[in-house]
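A short worksheet on the structure shown next.
None of the figures in this text is laboratory data; all of them are computed from the coordinates on show. As the structure is a computational prediction, the values presented were derived from the model and not from experiment. Neighbour counts run over all protein chains shown; Cβ positions are idealised from the backbone, glycine included.
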Amino acid sequence: MTQDLILSVRNLHVGFNTAKGAIEAVRGVSFDLGRERLGIVGESGSGKSQTGRAILGLTAANGHIRADRLQFHDTDLRNLSPRDWRKVRGARISMIMQDPKYSLNPVMTVGDQIIEAYREHFKVNNREAKRRAIEMLESVKIRDPELVFKSYPHEVSGGMGQRVMIAMMLIPEPELIIADEPTSALDVTVQLQVMAILDDLVRERGMALIFISHDLHLVSSFCDRVLVMYQGRVVEEIAASNLDQAQHPYTRGLLNCLPKMDGNHADLPVLARDAAWETQDLT
Amino acid sequence: MIEIENLNVWFGENHVLKDVSFDVPLNGSFGLVGESGSGKSTVLRTITGLVDDWEGRITIADKNLGPKRDIAFYRDVQMVFQDPFGSLHPRHTIDRILSEPVDVHKLGNSDARVIEALKQVGLDNSFRFRYPHQLSGGQRQRVAIARALILKPKILLLDEPTSALDVSIQAEVLNLLSALRRDLGLTYIMVSHDLAVVAHMCDDIAIMNLGRIVERATARQLADGHLDHPYSQQLFRAAAGYDRAIIDSFVDWD
């Protein structure tokens, strides 16, 4: 595991200066990542997305990052120049965002966007890039890749759009993929199919995956390990297969408040938040 | 309380609802489940009069609905929409949002009605003069529910009322909706893509695909996984989470 260590994060803080004063979105997150699928789960405002964005240097301009360590292989991600960031982003670490409707360029064909992503990192001619792009569309199980290649984003469905995103992000063969709620905008069956495609590709290519989601059940059935975040901190780290043995009252509360298909209409247990969760020592 | 028979709806050339029929008894709670494009929301929109081109019979409290809804209809039937960020006017205070239906229906006494409606959804008076952006998602959805309740309707049409909310907030809003149905004797039709939410909230459930009801089930049958139609079985299996083998068995239904 140690020789396979891809990313190491220690005591990560992300703060923002806003009109209403300073906000600490992430407060001391630490984790190590090997070639595995790590889930980060939390509710809105828990800091899960900001953690992912900080790793890619995508924190907004009014934000600042502080960490004891933010090491990606041999690269220290803390003080990269914009030029150095361009060598990492896309090529070595890549991100799949939530909604293909907003993250694809609406006035550019799908094919041109994939080619653009590829040629940003590889010096190849247009024909070779096109061949690779079609190949990539095939590998995300798009039935008619030639047709989709020529389509504009509004001409493809949500599930298809997200496959295109995956194709585009995976084509430079990054070592680490950060997927931020990649399937939340999709129907359940499509969601699972897209996750299966992502899963296969990540395995085949030996990539590491950080899967950010609000859906504890989905994440634990998909990932190897799960970090549960609350108010900017990791309150629990658990092997996904042991989710039912979760200890922290927040994790347990999240699991309990889900409606179940047991034919029982009694009121759902409501999550009682404890102020101590924001400060308690978790080591 | 609600009877729908052979409802057909067209959007231009598109035949989007095909022979949809179901009944909901007084104080009942009926669930419509399906994926996007299944027509589940269109059923609600047709009942409320937001759809023009329809055929069939819709009966609410023994009255057949014609092409137009009169104002009395909206006293009895109110709708709660999915996104509390989009359904509340951003530049109106909560007080104004809630008093508007009171004014439209010339009920008068809006002060007392606003206070009562807020209380029914568990918000105290301090919320009354705030703006929607000063509220959390769950609080906003409570306001949207209060706006529907302020006319003292008999029927609430709930279109994905909790799908924009965190699960812990969803639990609170679902509990609120259950309590309101119990206490006020309301009748619900609830639309959701989430099988578990509908199974929890509804007695009687219809699973829709491509504009048709493909299967009817009670909450009990759903709990036991007693489903006959392959589409509903697939939906049921998908609700269980990520399982590679099951995903490979999925078929496309379009």
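Shape verdict for the protein assembly as shown, please, from the Cα gyration tensor: rounded (a/c under 1.5), prolate (a/b greater than b/c) or oblate. Prolate, because a/c is 1.5 or more and a/b exceeds b/c. When exposed loop sites are taken as trypsin sites (Lys or Arg not before Pro) in a DSSP loop with at most 10 other Cβ atoms within 10 Å, the longest stretch of chain A clear of them is A:144-283. When you filter the chymotrypsin sites (Phe, Trp or Tyr not before Pro) in region B:50-115 for DSSP loop state and at most 14 other Cβ atoms inside 10 Å of their Cβ, you are left with B:85. Points 7 angstrom from Cα along the Cβ direction at residue A:277 and residue B:245: gap in nanometres? Modelled inter-label distance: 3.5 nm.
The amide H of residue A:208, built 1.01 Å from its N in the peptide plane, has A:176, A:177 as neighbours under 5 Å, considering only residues 5 or more places off or on other chains.
For chain A, the mean residue ellipticity at 222 nm estimated from helices alone is -9500 deg cm²/dmol, where every DSSP H run of n ≥ 4 contributes -39500 (n - 2.57) and the total is divided by all residues, rounded to the nearest 500. Between rounded, prolate and oblate, where does region B:24-111 land on the alpha carbon gyration tensor, with a ≥ b ≥ c its root eigenvalues, rounded for a/c under 1.5, else prolate if a/b exceeds b/c? The shape class here is oblate. Using only Cα atoms, find the angle between the long axis of helix A:110-121 and the longest principal axis of chain A, and express it within 0 to 90 degrees, rounded to the nearest 10. Value to nearest ten degrees: 80. If R0 equals 41 Å, the separation of the Cβ atoms of residue B:10 and residue B:218 corresponds to a calculated FRET efficiency of about 0.85. Across chain B, the mean sequence separation of Cα contacts (distance under 8 Å, 6 or more residues apart), normalised by length, yields a relative contact order of 26 percent. Between A:145, A:106, A:269, the Gaussian network model of chain A with springs among Cα atoms under 10 angstrom shows the greatest mean-square fluctuation at A:269. Using DSSP, restrict attention to beta bridges with both residues in the protein assembly as shown and report what percent are antiparallel, rounded to the nearest 5. Rounded to the nearest five, the antiparallel share is 55 percent. Prolate is the label for region A:106-175. Its Cα gyration tensor axes, ordered a ≥ b ≥ c, give a/c of at least 1.5 and a/b above b/c. Within the listed set A:110, A:234, A:190, the residue fluctuating most in the Gaussian network model of chain A (springs between alpha-carbon atoms under 10 angstrom) is A:190. Build a GNM of chain B with springs between Cα atoms under 10 Å apart, and of B:109, B:14, B:27 the one that fluctuates most is B:14. Put in order of Cβ neighbour count within 10 Å, fewest first, the listed residues A:224, A:68 become A:68, A:224. Normalised by the number of residues in region A:1-71, the average gap of Cα pairs under 8 Å and 6 or more apart makes the relative contact order 44 percent.
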